[in-house]
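*Asks:* Provided herewith is a single structure, encoded as structure tokens, for subsequent inquiry.
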Amino acid sequence: MAKTPKVSEVIALPSQQLHHSHDYKQVVIGLQGQTEFDVGGRGSLVGPGQGCLVTESEEHAFTGVGRNEILVINLPYQEWVGHASMHDNIARLFERDAYFQLDTQAQTLIKALTAEMIANPTDLLLSRACADTLMCVLHRHFRDHISPRRDGHRLNMDIIDRYIHQHMSRKITVAQLAGSVFLAESQFHQLFKEQVGMTPHQYVLEKRFALAKQLIKESDLTMAQIADSCGFSSQSGFTNAFSRYFGVSPAKFKLTP
């Protein structure tokens with residue numbers, strides 16, 4: 001018989017990529033640093049305040065990026081079968097997009113609960129109590145932020161721009177942008193294109209180039225440092241992309257009045 005997993009725990013992921021599946025649902029929430037997940041063939045970074053949902057028997061890959069810490073909530077069916085309301089809440093939670101972003105209030109509550117778990121790692125009753133509370137927090141969070149959104153909804157571009165600015169030096173996925181405004185990826189992509197007139201990828205690229213132009217003109221950073229600050233994987237990749245986009249290299253652009 002398979003061992004029942006601990007209901008909730010705080011762990012760090014290894015730097016080498018691992019993958020597996022299990023016969024129970026799982027909620028993962030980033031606490032510190034960066035982790036990479038691939039759930040059902042869709043990859044995304046999961047940082048502090050972000051998370052992902054893994055359904056039972058779903059193959060998923062994961063790896064840690066440097067120092068990292070995640071909260072894992074395991075949801076074996078037998079743990080919840082006698083709790084009808086909680087079972088329904090879990091079922092509704094897993095109907096949404098696999099990746100999500102939590103608001104500030106939810107993050108604050110989760111930090112407080114995980115601090116108790118870290119201080120008492122062998123207390124199984126506390127682990128279960130924290131898991132129950134965390135699931136209630138998630139249910140409240142998604143009920144408040146998703147249920148009211150219907151046709152005619154307009155994206156809050158201030159939130160999206162702030163998320164892009166805070167993560168400019170990293171890879172930014174559509175799933176992460178969608179999570180920042182509590183929408184499923186497909187719905188977000190359609191709304192974004194209708195409202196902004198371009199794809200989220202094009203929009204993020206414009207933001208990267210706008211910052212690059214500012215840094216080239218106003219800072220003493222090297223081109224390699226600017227490339228890194230703007231989320232490009234290498235200086236050569238940045239130079240090629242910048243040159244194609246503007247018709248002039250970054251070095252020549254720096255010299256223009």
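*Asks:* Gaussian network model of the chain, Cα springs within a sub-10 Å range: biggest mean-square fluctuation belongs to which of LEU18, LEU205, LEU113?
*Replies:* LEU18
*Asks:* Return one number: the angle in degrees, 0 to 90 and rounded to the nearest 10, between the long axis of the Cα atoms of helix 185-196 and the longest principal axis of the Cα atoms of the chain.
*Replies:* 30
*Asks:* Another question, then. Quote the accessible area belonging to PHE242 in square angstrom, nearest 10, computed with a 1.4 Å probe and with ligands, DNA and RNA left uncounted.
*Replies:* Rounded to the nearest 10, that gives 0 Å².
*Asks:* Accessible area per residue, 1.4 Å probe, Å², for the chain: what's the number?
*Replies:* On the way: 13650 Å² over 257 residues.
That works out to 53 Å² per residue.
*Asks:* What nm value, rounded to one decimal, do you get for the distance between VAL248 and HIS19 when each label is placed 7 Å out toward the C-beta?
*Replies:* According to this spin-label approximation, the distance is 4.6 nm.
*Asks:* Once you put a point 7 Å from the Cα of GLN32 and another 7 Å from the Cα of ALA12, both along the Cβ direction, what distance in nm separates them?
*Replies:* With each label placed 7 Å out from Cα toward Cβ, I get 0.8 nm.
*Asks:* Can you give the FRET efficiency for ARG154 and THR222, using 1/(1 + (r/R0)^6), R0 = 41 Å, r = Cβ-Cβ distance, to the nearest 0.05?
*Replies:* Details: r = 40 Å, r/R0 = 0.98.
With R0 = 41 Å, the Cβ-Cβ based efficiency is 0.55.
*Asks:* Pairing the Cα long axis of helix 124-146 with the longest principal axis of the chain, what angle in degrees results, from 0 to 90 and rounded to the nearest 10?
*Replies:* So the inclination is approximately 50 degrees.
*Asks:* In nm, to one decimal, how far is the modelled label at LYS171 from the one at GLU206, with both set 7 Å along Cα→Cβ?
*Replies:* About 2.4 nm, to one decimal.
*Asks:* Taking only Cα atoms, what is the 0 to 90° angle, nearest 10, from helix 200-218's long axis to the longest principal axis of the chain?
*Replies:* Taking Cα atoms only, the helix is inclined about 50 degrees.
*Asks:* Moving on to the next point. Mind checking which of ARG42, ARG244, ARG162 has the largest fluctuation in a GNM of the chain, springs on alpha carbons under 10 Å?
*Replies:* ARG244
*Asks:* Further question on the same structure: Do you know the Lys pair count in the chain for C-alpha distances under 18 Å, with sequence separation 8 or more or different chains?
*Replies:* 9
*Asks:* When the Cα centres of the range 168-241 and the range 1-42 are compared, how far apart do they sit, in Å?
*Replies:* Centre-to-centre (Cα) distance: 28 Å.
*Asks:* GNM on the chain, C-alpha springs below 10 Å: top fluctuator among ALA119, ALA131, ALA98?
*Replies:* Between ALA119, ALA131, ALA98, it is ALA119 that shows the largest mean-square fluctuation.
*Asks:* So, one more: Hey, of (i) 17.4; (ii) 16.2; (iii) 21.2, which did the structure itself give for mean projected area of the Cα convex hull in nm² when calculated?
*Replies:* (ii)
*Asks:* Then there's this: On the accessible surface of the chain, probed at 1.4 Å, how many percent belong to carbon and sulfur atoms? Kindly include the intermediate steps, with their values, before the conclusion.
*Replies:* Values: 7100 of 13650 Å².
About 52 percent, which is the carbon plus sulfur part of the accessible surface.
The values are calculated or read from the model by the stated rules, or taken from the named source; none is laboratory data. Treat the numbers as computed from the prediction; the structure is a model and nothing was measured. Don't worry about glycine lacking a Cβ; one is built from the backbone with ideal geometry, like all the others, and counts go over all protein chains shown. Protein only, heavy atoms only, side chains kept; ligands, DNA and RNA dropped before computing areas. Shrake-Rupley method; radii C 1.70, N 1.55, O 1.52, S 1.80 Å.
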